[in-house]
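Have a look at the structure below, then the notes.
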Amino acid sequence: MTIRTHILGFPRIGAARELKRALESHWRGEVSEAALEATGRQLRARHWALQRDAGLACVTVGDFAFYDQVASHIQLLGCEPARFNFTPEQSPLARYFTMARGADAHAAHAGCGHAHHEHAAGTAALEMTKWFDTNYHYLVPELSPQTQFSLACERLLAEVAEAQALGHEVKAALIGPLTFLWLGKEKTPGFERLALLEQLLPVYGALLDRLKQQGVAWVQLDEPILGLDLPNAWRSAFESAYWQLNQVGVNILLATYFSPLEENLSLTCRLPVAGLHVDGIRAPHELTSVTDWLPAHKVLSVGIVDGRNIWRTDLDAALAVLQPLAAKRNGQLWLAPSCSLLHVPFSLEAETDLDGDIKSWLAFATEKLTELALLKGALEGHPDDTALARSRRAIASRRASPRVHRAAVAQRLQTLSPTVDRRDSGFPQRQAMQCARLRLPDFPTTTIGSFPQTAAIRAARASHQRGELAVDEYERQMRAEIAHAVVRQEALGLDVLVHGEAERKDMVEYFGEQLDGFAFTRHGWVQSYGSRCVKPPVIYGDVQRPAAMTVAWTVHAQSLTDKPMKGMLTGPVTLLQWSFARDDQPRATTALQIALAMRDEVQDLETAGIGIIQIDEPAIREGLPLRRGQWDACLDWATRAFRIAASVVKDTTQIHTHMCYAEFNDILPQIAAMDADVITIETSRSDMQLLTGFGQFQYPNEIGPGVYDIHSPRIPTTVDMVKLLQKASAVIPSANLWVNPDCGLKTRGWAETEVALKNMVAAARQMRAA
């Protein structure tokens, strides 16, 4: 048997986030380009050594990027947008960061747990959006009839030479031409970006030829769009495109991942390439069909280790899948993770504080390399019996653990009433009762939840976490910060106040730390984009709420004012989507458990006298499957989870939700089915265009379209915001409109926040007067 192991990509941030620190130092002007490049070389060499030491057949080159792999391809393919007006004296790296961060770029910020970047009055950065259904963000290529392609492969070829000089056999990894075009955005109305394929293919051909000349035997071309519902024109473009690329004579490994191939399966297997990688985690049911359809002379690479999640592989189960495939392929098989390991943390080695049982159930990127080696050895007939036995013990321990399975949680799920997700009355009746209770003016003003996290707040939290600041003193300082936020909001004349979330570091971590079934790593960082890394919680077991989480802080804030104070919660779908979720039960079940935990919190807030409760669900759109045929089932359980969390309250209590930075117009019926009394959404960047869909749909409940972009340092004028509110009034009844920013304010400073909110309150007053 000849088994080869390889990976599609590796985390580039480094074991200790070295890349993040080097990038931010460079952007602050403390580190030169040469020093940043040296850090990149060191990280690449270290990561290739890990791959070699794990027995991989080749190291993967081309997966490293200083900001984002799609942005790297924009330079590689010579299609930097003309609007940047780059000059020959600007270095490629300086141009790269200008595309990523804008001209006159400030430090990139993120709010609401999401990725955005800002720019001053200079040139706007490239747009950023989610990479398929992951929590990674890529920079969107801008494509138009004027787009020209030309090869600029010096960086890639230099990295290949680096790896070869270190004695490694190299497999180059690139985004395939059709996926690159699909990921782009047309900047000209009526233009179809697929029309650019004809002039893009010769550039790819030239690139493959250069790699072949440099001694690269295999080139991995990623075409994950083969797992999407493709228009016919895109599907039919694959065969001729890959016929053309195959003429170069280098071995192409076509890589697909994240989704089943379905109607594209036979097409994919027929393409004129030397090998095919398929995702055996997301599409295990297709492995037999792929093996049957793929001609015998082609290499089959099976993604058998989960590249998207952090659970240890059940090696016995994996071997049971692989052995018949290997037999069908005459003992020729490649093994890999399902996708790039970019989406998992670097290594478990540094997790010295993590509970021993839970740690034994996990595998980060470097541990997944070891799993590949164990599978290869077992298939080739020389198994590492000790390591396999250790793996079996860990798998058995997780399956049987009472910490994973809680009888009380299972019992509660089984005894839910059929009306658990329904409010007592319909929205019109609730709206009348809430108006009578809250007595708010037309165009009521509020904010999304968080206020600036000042250096003093962050220092107090860090000191408390290190054990240097006693609980009593920490809570006293946080209560003072809440009082400060309340005083400032009252002075500004806001109608509905928030406590400001001084005590929260993160909208997911804060709740996860207080719920049973969640665990937290110290170093489990994953790149979100550029230098921004996130540390997702691990949902390892049944979720329940042992005690109230937000009630004391919210009640304290309400005691300081006569105005309504919103209770602020993160919704069940977002808590699930922004965590590493369990793989031993359906996501719908985990969402339902979290929904019941949050329902208990909602009930306690209402009992404590809080009349408005906001349950944020920014992730409800992004968790959808890549295939539209699976959307309805997913949205059914997601919206039901939200309603279960919210529907425990009386009709007089107003439920808000917040959503941001996603395309909502294609799921408006499901958003309406959430039945929140008020939804606040991000609309300022689209100049209220997003709201048109809500108007055409005749969205029945109240809505707060964001009137200014909190991620830009530009302070909006009252005139700007009145114009946006007038546009909103044209499509949504004025009686149903709220006035608010488009996201939380924790990344901003107080000075700019106060001016912007003062202008916002003035805009609302002008609208009332009109």
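The values are calculated or read from the model by the stated rules, or taken from the named source; none is laboratory data. Just so we're clear, the structure is a prediction, and the values are computed from it rather than from any experiment. Heads up, the Cβs are rebuilt from the backbone with ideal geometry, glycines too, and the neighbour counts pull from every protein chain shown. SASA here: full protein model, heavy atoms, side chains in, ligands and nucleic acids out. Shrake-Rupley method; radii C 1.70, N 1.55, O 1.52, S 1.80 Å.
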Open item on the list: Apply the Karplus curve 6.51 cos²θ - 1.76 cosθ + 1.60, θ = phi - 60°, to the phi angles in region 587-595 and return the couplings in whole Hz, x for Gly and Pro.
Closed with: 4, 4, 5, 5, 4, 5, 4, 5, 4
- [ ] Could you work out how far helix 427-438 tilts from the main Cα principal axis of the chain, as a 0 to 90 degree angle to the nearest 10?
- [x] 50
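Do me a favour and compute the ellipsoid semi-axes for the chain from its Cα gyration tensor, root of five times each eigenvalue, largest one first, whole Å.
Details: eigenvalues 390, 190, 129 Å².
They are 44, 31, 25 Å, listed from largest to smallest.
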Task: At R0 = 41 Å, FRET efficiency that the Cβ-Cβ distance of ALA161 and ILE715 yields, to 0.05 - done: 0.25
- [ ] Using Cα centres only, tell me the gap between region 275-346 and region 220-266 in whole Å.
- [x] 18
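Using only alpha carbon pairs under 8 Å that are at least six residues apart, calculate the relative contact order of region 253-407 and give it in whole percent. Mind showing how you got there, number by number?
Working: 221 pairs, mean separation 32.2, N = 155.
Rounded, it is 21 percent for region 253-407.
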Task: ³J(HN,Hα), Karplus 6.51/-1.76/1.60, whole Hz, each residue of region 327-344, x for Gly, Pro - done: 4, 5, 9, 6, x, 9, 8, 9, 10, 7, x, 4, 8, 4, 7, 3, 8, 10
Task: Accessible area of the chain belonging to carbon and sulfur atoms, whole % at 1.4 Å probe - done: 51
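Mind checking the alpha-carbon convex hull of region 580-656 and giving the volume per residue in Å³?
Numbers: hull volume 7.6 nm³, N = 77.
Per residue, the Cα convex hull of region 580-656 comes to 99 Å³.
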Task: Cα centroid separation, region 696-732 to region 454-503 (Å) - done: 29
Open item on the list: Using amide H atoms built in the peptide plane, which far-off residues or other-chain residues are under 5 Å from LEU139 H to H?
Closed with: VAL70, ALA71
Open item on the list: Let's see if you can work this out: charge +1 on each Lys and Arg Cβ, -1 on each Asp and Glu Cβ, no other charges. What is the dipole magnitude of region 621-667 about its Cα centre, in debye to the nearest 20?
Closed with: 120
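Taking 0.36 nm per residue of sequence separation and subtracting the Cα-Cα distance, how much length would be gained by fully extending the chain between ASP229 and ALA410, in nm to one decimal?
Stretched out fully, the ASP229 to ALA410 stretch lengthens by 61.5 nm.
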Task: Relative contact order, percent, the chain [alpha-carbon distance under 8 Å, six or more residues apart] - done: 12
Task: Derived scalar couplings ³J(HN,Hα) [region 441-458; Karplus, 6.51 cos²θ - 1.76 cosθ + 1.60; whole Hz; x for Gly, Pro] - done: x, 4, 6, x, 9, 7, 10, 7, x, 9, 10, x, 8, 6, 4, 5, 5, 5
Open item on the list: I'd like to check one number: the per residue accessible area of region 238-385, probe 1.4 Å, reported in Å² as a whole number.
Closed with: 34
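Ranked from highest to lowest mean number of other Cβ atoms within 10 Å per residue, what is the order of the peptides 144-152, 627-635?
Averaged packing, sorted descending, gives the order 144-152, 627-635.
Using 0.36 nm times the number of residues separating GLN465 and ARG437, minus their current alpha carbon distance, what extension gain do you get? Could the numbers behind the result be given before it?
On the way: separation 28, 0.36 × 28 = 10.08 nm, distance 4.05 nm.
Stretched out fully, the GLN465 to ARG437 stretch lengthens by 6.0 nm.
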Open item on the list: Under the rule a/c < 1.5 gives rounded, and otherwise a/b versus b/c splits prolate from oblate, where does region 452-497 land using the Cα gyration tensor?
Closed with: prolate
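Counting heavy atoms of the protein chains only and a 1.4 Å probe, report the per residue accessible area for region 1-98 as a whole number of Å².
38
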Open item on the list: Rounding to the nearest 10 and keeping the result within 0 to 90°, find how far the Cα-based axis of helix 33-53 lies from the longest principal axis of the chain.
Closed with: 60
- [ ] Between the alpha-carbon centers of region 532-588 and region 35-99, tell me the distance in whole angstrom.
- [x] 37
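If you stretched the chain out fully between ALA396 and SER91, how much longer would it get, using 0.36 nm times the residue separation minus the C-alpha to C-alpha distance?
Numbers: separation 305, 0.36 × 305 = 109.80 nm, distance 5.45 nm.
Net length gain for the segment: 104.4 nm.
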- [ ] Go ahead and run the numbers for FRET between SER266 and LYS650, Cβ-Cβ distance against an R0 of 41 Å, rounding to 0.05.
- [x] 0.15
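Can you say what percent of the DSSP beta bridges in the chain, counting only those with both residues inside, are antiparallel? Round to 5. Write out the running numbers ahead of the final one.
Working: 11 of 64 bridges.
DSSP beta bridges in the chain are roughly 15 percent antiparallel.
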Task: Whole-number accessible area per residue in Å² for region 649-728, which is evaluated in the context of all protein chains at 1.4 Å - done: 33
- [ ] Take the Cα pairs of region 396-458, get the Kirkwood Rh, then feed it into Stokes-Einstein at 20 °C and 1.002 mPa s and tell me D in µm²/s.
- [x] 121
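For region 34-101, just run the numbers: alpha carbon Rg, then divide by 2.2 N^0.38 Å, N being how many residues it has. Write down the numbers at each step before the final one.
Details: Rg = 14.8 Å, N = 68, 2.2 N^0.38 = 10.9 Å.
Scaled against compact globular proteins, the figure is 1.35.
Take the alpha carbon gyration tensor of region 411-562, find the square roots of its eigenvalues, order them as a ≥ b ≥ c, and report rounded if a/c is under 1.5; if not, report prolate when a/b exceeds b/c, else oblate. Could the numbers behind the result be given before it?
Details: a/c = 1.88, a/b = 1.15, b/c = 1.64.
Since a/c reaches 1.5 but b/c is at least a/b, the shape of region 411-562 is classed as oblate.
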Open item on the list: Just to confirm the number: angle between the C-alpha axis of helix 750-769 and the first principal axis of the chain, 0 to 90 degrees, nearest 10?
Closed with: 60
- [ ] Return, ordered by residue number, the residues of region 538-560 whose backbone nitrogen is under 20 Å from a label point located 7 Å along Cα→Cβ of THR607.
- [x] 544-559
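State whether region 226-361 is rounded, prolate or oblate according to the following rule on the C-alpha gyration tensor (a ≥ b ≥ c being the square roots of its eigenvalues): a/c under 1.5 gives rounded; otherwise a/b larger than b/c gives prolate, and the remaining case gives oblate.
Numbers: a/c = 2.24, a/b = 1.79, b/c = 1.25.
Verdict is prolate for region 226-361.
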TODO: Describe numerically, in nm with one decimal, the distance between label points set 7 Å from Cα along Cα→Cβ at GLN332 and at ASP133.
DONE: 3.3
